[in-house]
Amino acid sequence: MSKFPRISDLEPAAARNIPPFIHAYLEAGTGNGHAMSRNRKALDKVTFTPELMHGRFVPNLETKFLGQTFSMPFGVAPIGLSSMIWPLSEHHLAAMAAKLNIPYTLSTVAGASIEDIGSKCDGFGWFQLYAPHSREIMCSLLERAVSSNMQVLVVTGDVPGPSRREDMRKAGAPIGSRNETKMNLKMLLQILQHPRWALAALELKGKLRFKNMEPYVPRDKSKPISEFIGEQLNGSLTWEYLSEIRKHWKGKLLLKGVMQKSDAMKAVDIGVDGIVVSNHGGRQFDGNPASISALPSIRQAVGPKYPLVFDSGIRSGLDILRALALGADFVLVGRPFLYGLAAIGTHGGEHVAQILEEEIINALLQIGAKNIPELRQRLDLKN
């Protein structure tokens with residue numbers, strides 16, 4: 001679509017279609033947003049020096065990772081509450097991922113169930129786990145993921161407690177911001193002023209769902225589901241608990257949120273199959289360094305063959321190549337896919353994937369790199 005040739009063209013269009021209190025959830029970091037800013041600035045500092053005279057060639061983006069073959073070196077990151085940002089987004093993105101042969105990662109706190117999304121992913125589904133305090137719930141979630149043909153378990157380790165998300169509070173976001181989780185007049189007026197979102201939300205029948213956690217809420221409904229989820233999912237994970245998860249989950253296991261070498265080596269020792277270098281997109285702790293800055297040292301620590309995924313702040317195909325050049329084997333992309341859905345609709349995710357694919361191919365041609373080893377040779381190490 002010529003109207004949206006870049007991810008940055010989708011962002012303002014998405015903002016126009018989403019009620020402000022919901023858009024705040026999509027865009028907000030924490031504190032003063034410095035961690036998010038560091039992510040962007042650090043990625044922009046990674047440059048390449050082109051090598052000339054390579055003639056015509058067609059870069060092959062097919063990527064083998066964790067025993068699967070993907071058409072491109074990126075997939076969809078887990079995004080909590082994505083059905084609130086754009087209704088039915090999990091269904092749209094899972095179908096897109098299956099069509100394009102890339103992974104889609106379903107969040108524990110998604111609006112769609114493991115069972116519904118697993119059936120749509122056609123073997124390309126991953127499940128992200130916020131480890132619940134209850135071991136019984138943990139085992140049940142893992143059993144459901146296995147039964148739904150989820151191929152990879154992504155355990156998020158960088159949420160020891162809720163983030164402050166001050167901008168979300170100011171905007172009145174009802175979930176994830178410590179605000180009261182009830183509809184008010186201000187929110188209703190914002191919804192009415194954004195008819196595209198409101199029409200899409202009719203599918204939700206006026207209720208935000210947490211379908212993966214709903215089966216475990218006490219039957220007496222003595223507390224709201226958001227409160228129950230907060231009690232279960234905040235601050236439960238320890239290295240001992242991760243070892244338990246490793247024993248229960250027989251498939252491939254990734255630990256997400258690793259930012260230092262010592263944590264990476266502990267994960268290796270426990271038997272984790274790979275790690276995701278991530279600072280939660282800069283949304284969890286404003287004092288975090290940029291994720292891309294941590295990537296080279298972690299690659300050096302775990303060695304050249306250990307599976308590494310990069311996540312946080314990706315906004316272009318060039319950003320994906322930056323992460324691959326600095327040591328990642330695979331990249332997860334989050335918010336851009338929601339920009340696409342909010343700006344365009346059902347097929348917005350496919351448009352985002354197409355943008356990223358075209359940008360990657362064009363950048364490799366401009367750099368003169370036929371593959372990732374050649375890409376790494378073109379890194380401008382002076383930066």
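General observations
- Residues located in segment 178-201, provided they are basic (Lys, Arg), modelled with pLDDT of 80 or more and more than 26 Å from the chain's Cα centre (by Cα): LYS186
- Exactly one residue among VAL276, VAL302 is over 25 Å from GLU166 (Cα atoms), in contact with a Phe, Trp or Tyr (Cβ under 8 Å, 6 or more places away or on another chain) and either of a type in the set (A, V, I, L, M, F, W, C) or at pLDDT 95 or above (or both), and that residue is VAL276.
- Total residues in segment 1-32, condition among the small types (Gly, Ala, Ser), under 24 Å from HIS351 (Cβ atoms) and not in a helix (DSSP H, G or I): 1
- Among the candidates ASP311, ASP319, ASP263, the residue that is surrounded by fewer than 24 Cβ atoms within 10 Å (Cβ to Cβ), acidic (Asp, Glu) and at pLDDT 95 or above is uniquely ASP263.
- Residue within segment 152-163 that is of a type in the set (S, T, N, Q) and touching a Gly at 6+ places or on another chain (Cβ under 7 Å) present: yes
- Candidate set: segment 315-343, residues that are closer than 17 Å to ALA14 by Cα and either of a type in the set (A, V, I, L, M, F, W, C) or part of a strand (DSSP E or B) (or both); chosen: the one nearest to the chain's Cα centre (by Cα): VAL333
- Filtering segment 70-106 to residues that are hydroxyl-bearing (Ser, Thr, Tyr), free of Cβ contacts under 8 Å to residues at least 40 places away in the same chain and closer than 27 Å to GLN232 by Cβ leaves only TYR104.
- Residue list for segment 202-249, restricted to those being modelled with pLDDT under 90 and basic (Lys, Arg): LYS205, LYS207, ARG209, ARG219, LYS221, LYS223
- Among the residues of segment 62-73, those identified as touching a Leu at 6+ places or on another chain (Cβ under 9 Å), at negative phi and in a loop (DSSP other than H, G, I, E, B) are SER71, MET72, PRO73.
- Assessment of segment 33-52 against the conditions (in contact with a helix residue (DSSP H, G or I) (Cβ under 9 Å, 6 or more places away or on another chain), modelled with pLDDT under 95, surrounded by fewer than 18 Cβ atoms within 10 Å (Cβ to Cβ) and not in a loop (DSSP other than H, G, I, E, B)) yields no matching residue.
- Residues that are closer than 19 Å to MET138 by Cα and crowded, with 22+ Cβ neighbours inside 10 Å do occur in segment 234-241.
- Selection of segment 303-322 for residues being without any contact (Cβ under 8 Å) to a residue 40 or more places away in the chain and of a type in the set (A, V, I, L, M) yields only LEU308.
The values are calculated or read from the model by the stated rules, or taken from the named source; none is laboratory data. Fair warning: this is a prediction, and the values are worked out from it, not measured in the lab. Neighbour counts run over all protein chains shown; Cβ positions are idealised from the backbone, glycine included.
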